[in-house]
Amino acid sequence: MYILCIMKTTTSIKLDKEVKEQASDLAKELGLSLSGVINATLKQFVNDRSVFLTTTPQFNEKAAKRMLKLMDDAKKGKNLCGPFKTDEELFKALEI
């Protein structure tokens, strides 16, 4: 039996304090660590040998099709629920 061992290392970079705080908060909202986001970004940089920067969220093809369908449904008033008077009503509709 073989076990794949991945060696970790620590690096230090200088960041604008506000940018670091905003990035950490956003990563947390998405259920990620800032370290995980940075690792994924660097892996993509190494694999693609390029850097892609944008302030606009980019969807993959499947997510883009789903988003277009949801937007179309919303325009037509289909598959909507609410409005909700209380958060309890919302949670009940979401079965939470």
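Of Leu80, Leu15, Leu53, all but one fail to be outside any helix (DSSP H, G or I), of a type in the set (A, V, I, L, M, F, W, C) and surrounded by 10 or more Cβ atoms within 10 Å (Cβ to Cβ); the exception is Leu15.
Among the residues of the range 60-75, is any closer than 30 Å to Met7 by Cα and either of a type in the set (A, V, I, L, M, F, W, C) or assigned to a loop (DSSP other than H, G, I, E, B) (or both)? Taking every residue of the range 60-75 in turn, none turns out to be closer than 30 Å to Met7 by Cα and either of a type in the set (A, V, I, L, M, F, W, C) or assigned to a loop (DSSP other than H, G, I, E, B) (or both). Against the criterion of being in a loop (DSSP other than H, G, I, E, B), hydrophobic (A, V, I, L, M, F, W, C), surrounded by 11 or more Cβ atoms within 10 Å (Cβ to Cβ) and within 16 Å of the chain's Cα centre (by Cα), Leu32 qualifies.
Counting only residues that are at pLDDT below 90 and of a type in the set (Ser, Thr, Tyr), which one in the range 29-78 is farthest from Lys8 (Cα to Cα)? The qualifying residue farthest from Lys8 (Cα to Cα) is Thr56.
The values are calculated or read from the model by the stated rules, or taken from the named source; none is laboratory data. Source: prediction; values computed, not measured. Here Cβ is always computed from backbone atoms with ideal geometry, including for glycine, and neighbour counts include all displayed protein chains.
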